[in-house]
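Where a number appears in this text, it was derived from the coordinates with a stated rule and is not lab data. Source: prediction; values computed, not measured. Every residue, glycine as well, gets a Cβ built from its backbone with ideal geometry; the counts of neighbours run over all protein chains shown.
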Amino acid sequence: MVQLENAQQILRSCTVFIHETEMVSLQKAIGRVLAEDVKAAADQPPFPRSPLDGYAVRGSDTKGLTKEQTRSFRVIGKIYAGEVFDGIVHEGEAVRIMTGAPIPEGADTVIRQEWTDYGEEEVLIFGESKPYQDYCFQGEDYKKGEILLKKGNVLDGISIALLASLGMAQVEVYRLPRIAVISTGDEVIQPGEPLRPGKIYDSNLHFICARLKEMGVEPFYADHNADSAVCMAQKLYSIAKDVDLIITTGGVSVGEKDIMHEVVNLLEAKELFWRVDLKPGAPTLAMEFQGKPVICLSGNPFGAAVNFELLVRSVIEKMTENPKWELKKSNAVLQSDFVKKSGVRRFLRAYAENGNVWLPDGNHASGVLSSMLGCNCLVEIPEKKHGAKKGEVVCIYHLM
């Protein structure tokens, strides 16, 4: 039996960062890890542009202008965004200009239209705008050659917008991990099948696949295996070369149909550990096969859920170097009692908000799913501590 932190360390020691990269469209790049520095190929904006609707003029021509002291300017043209004015603005001249349009040569500011009479051939101006007061400089956002995004950055919405502003339709990112998920058990059937006597529906397979998808990874392989060590060994052997990580559920305890121990032997895999000193999910088994980690979780739904968060996420964080996989911790004030005694380090489902944490009503057994609804964290109860009282400060693990 190993402590949780030792189990994490052992698994991470046989996990490697995925260096392979791929080009993806911007529409598919959100949440991905950038595999290259991104430099600006041009200034942004690529020309001086107007920050507002108005008239492009020479700022010195508007000095001292007010509603009482006005000046008439000759309008020599009009520019919309996306157009260019072919000419030069001289003293006493103005060009009608719209937001985003290039400021014409000779002009060094834009008088907002509210300070004019909106004239088309002659415009009366009754406001002052100093040179470059209302003026967006070329390269105001970024300059050509500037590093805008660094290798290893996780791409968010602003990053995607920045890449688009560079004219990039695709970006190089590290590929996502290829993860196989396999549930076990003769008693387990898939949703949609008739529920026969003695059978239960497979929630573990769908939970793990859903959690992977929630975190941005589409499972590479998902299947169910009956309680046959030979079949399971053949399945792992056939898929191991194509994946980075294998997750199984069930078959890890000490019953006659707990097949994963025999699977280790059949594959001649390296057993990393069996049993983690926590509750639920203690009988977790881990092995290394063909250089890949294989994490065999408990068949109990909450046991599988807890060790997905505590163990599997740590492995994927190492593979991707993406901080969203890190299971972040903080302290919170418990708002309900937990009176069940346990000498083992224990993790409870809970809901946290604004520094407080509540335990759900209902059954906390490891086989119960319904009381997990709405929970967003795990509460840790240290070993040899018999329960917890309302008002205590506890350590919580944030699930998202």
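Qualifying trypsin sites (Lys or Arg not before Pro) in region 127-225, where qualification requires a DSSP coil assignment and no more than 10 other C-beta atoms within 10 Å, comprise 150.
In this entry, region 307-400 is assigned a mean projected area of 6.1 nm², taken as a quarter of its C-alpha convex hull surface. Near the amide H of residue 32, within less than 5 Å, lie the amide hydrogens of 155, all on another chain or at least 5 residues away, with H placed in the peptide plane. The calculated Kirkwood hydrodynamic radius for region 276-350 is 14.2 Å, given to one decimal from all distinct C-alpha pairs.
Packing, as the average of other Cβ atoms within 10 Å across residues, places the peptides 57-64, 304-311 in the order 304-311, 57-64, highest first.
For region 52-97, the calculated P(r), taken from all Cα-Cα distances in 5 Å bins from zero up to the bin holding the longest distance, is 5, 21, 29, 24, 12, 6, 2, 0 percent. Once you compute Rg and the Kirkwood Rh from C-alpha atoms, what is the Rg to Rh ratio for region 1-104? That ratio equals 1.44. Which net charge results when you count Lys and Arg as +1 and Asp and Glu as -1 among the other residues whose beta-carbon is under 15 Å from that of residue 73? Local net charge: -2. Highest-first packing order for the peptide set 257-264, 156-163 is 257-264, 156-163, based on the mean count of other beta carbon atoms within 10 Å. Reported to the nearest whole Å, the Cα centre-to-centre distance from region 216-284 to region 320-362 is 28. 3J(HN,Hα) along region 58-72: 8, x, 5, 6, 9, 4, x, 6, 9, 5, 8, 10, 10, 8, 9 Hz, from the Karplus curve 6.51 cos²θ - 1.76 cosθ + 1.60 with θ = phi - 60°, whole Hz, x for Gly and Pro. A cut-off of 5 Å between modelled amide H atoms, ignoring neighbours fewer than 5 places along the same chain, links residue 243 with no other residue.
Spacing of the modelled spin labels on residue 112 and residue 268, each 7 Å from Cα toward Cβ, amounts to 7.9 nm. Where the centre of each part is set by its Cα atoms, how far does region 88-136 sit from region 1-39, in angstrom? The distance from the Cα centre of region 88-136 to that of region 1-39 comes to 52 Å. Is the shape of the chain best called rounded, prolate or oblate, per the rule: a/c under 1.5 gives rounded, else a/b larger than b/c gives prolate, else oblate, with a ≥ b ≥ c the square roots of the Cα gyration tensor eigenvalues? Here the chain falls in the prolate category. Checking every one of the chymotrypsin sites (Phe, Trp or Tyr not before Pro) in region 1-94 against DSSP loop status and a limit of 12 other Cβ atoms within 10 Å picks out 17, 80. Would you please give the residues with an amide H less than 5 Å from that of residue 337, counting only those at least 5 places away or on a separate chain, with H modeled from the backbone geometry? Counting only residues 5 or more places away or on other chains, the set is 390. Using the Karplus relation 6.51 cos²θ - 1.76 cosθ + 1.60 with θ = phi - 60°, the per-residue 3J(HN,Hα) values for region 326-340 come to 5, 8, 7, 10, 7, 9, 8, 8, 6, 9, 8, 7, 10, 9, 5 Hz, with x marking Gly and Pro. Pairs of Cα atoms in region 157-305 fall into 10 Å distance bins, from 0 up to the last occupied one, in shares of 11, 37, 30, 11, 9, 2, 0 percent.
Put a dot 7 Å past the Cα of residue 22, heading toward its Cβ, do the same for residue 170, and the two dots end up 1.2 nm apart. In the chain, the DSSP-assigned H stretches of four residues or longer account for a calculated mean residue ellipticity at 222 nm of -4500 deg cm²/dmol, using -39500 (n - 2.57) per stretch and the full residue count as denominator.
The dipole here belongs to the chain: it is taken about the Cα centre, uses +1 on the Cβ of Lys and Arg and -1 on the Cβ of Asp and Glu, and is about 1620 debye.
When the alpha-carbon atoms of region 116-216 are used, the pair Rg, Dmax equals 29.2, 90 angstrom.
Fraction of C-alpha pairs exceeding 21 angstrom in region 211-294: 30 percent, rounded to a whole number.
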